[in-house]
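Heads up, the thing below is written out as structure tokens.
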Amino acid sequence: MASILVIEDDRQIQEVIKTSLEIEGFTVFNSADGELGIEFARSNRPELIILDLALPLISGFDVIKTLRSLEDTHAIPIIMLSVNDDITDKIIGLELGADDYLTKPFSPRELLARIKARLREVQRKADPQESLLRWGELEIRKENYSVRLSEQPLNLTVKEFELLVLFVSNPYQVFSREYLIQKVWGNLSGSGTRALDVHISHLRNKLKALGPVLDSVRGVGYTFTHRRKH
């Protein structure tokens, strides 16, 4: 079963998570601060990280930035935990590269469901039959989150990468904003539109050499268009 790292300074919450996940067969490791959590993640590469945003020494936001900047940890799914239900915190965390968000207090059953969903997504991406995608001069390797355009590497965030894979896997299909938000971010409520638009804008800029391939469909959403360079 998968190994999970819980970076949380509240011992009671640590134990609740550990107990509920171990019953399901997961191997759970605890860290009480961000610096130790980062070092553990680099050394042991857990399949998923549960991260409290309010940590001693360094904040959860800084932990996300560090994990996403390191080759050993940049692709590990991260589920954020916070007592703050502020939409701004959700947007910041997700834009930094976290994959999901739960507000305390939360149901262990809901956390378990979100963990399983993220692990299924990782397993699907790791399928060797689906690991390589091409579109013109664009080459995407899903197993290591690498993207090259005209033989040059593109530096994408995790969410930009997930959007790109979805578009290239389904060229010409029009995706609604709601579908993209749910597919890439999960349940993000009203804050999702802003996060999606920011990521689309950044992705367009990074794909300029490919041509105007990412189109808006007024009143609906976005599509990876036929207007590619030949």
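The values are calculated or read from the model by the stated rules, or taken from the named source; none is laboratory data. Since the model is a prediction, treat every value here as computed from it, not as a measurement. Cβ coordinates were reconstructed from backbone atoms using ideal geometry, including for glycine residues, and neighbour counts include every protein chain displayed. Side chains are part of the model used for accessible areas, which takes the heavy atoms of the whole protein and leaves out ligands, DNA and RNA. Shrake-Rupley method; radii C 1.70, N 1.55, O 1.52, S 1.80 Å.
Overview of results
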quantity	calculated
For the chain, the longest site-free run once GluC sites (Glu not before Pro) in DSSP loop states with at most 14 other Cβ atoms within 10 Å are removed	152-230
Apportionment of accessible area to carbon and sulfur, region 1-41, percent (1.4 Å)	52 percent
Solvent-accessible area per residue, Å², over region 45-143 with all protein chains present [probe radius 1.4 Å]	48 Å²
Net +/- balance of residues flanking P108 in space, Cβ distance below 13 Å, scoring K and R +1, D and E -1	+1
Top positive-direction residue, dipole computed over region 27-119 with Cβ charges, set T73, P56, A113	A113
Residue-averaged 222 nm ellipticity for the chain, from DSSP H runs of 4+ at -39500 (n - 2.57), nearest 500	-13500 deg cm²/dmol
Loop-located trypsin sites (Lys or Arg not before Pro) in region 1-86, at most 10 other Cβ atoms within 10 Å (DSSP)	none
Mean separation of Cα contacts under 8 Å (6+ apart) over length of the chain, as relative contact order %	14 percent
Between 0 and 90°, nearest 10: helix 108-125 axis offset from the chain longest Cα axis	40 degrees
Gain in span if fully extended, A113 to V83, counting 0.36 nm per residue against the direct Cα distance	8.8 nm
Accessible heavy-atom area order of V168, V217, highest first, probe of 1.4 Å	V217, V168
Rounded to the nearest 20 debye, dipole of the chain from Cβ charges on Lys, Arg, Asp, Glu	1180 debye
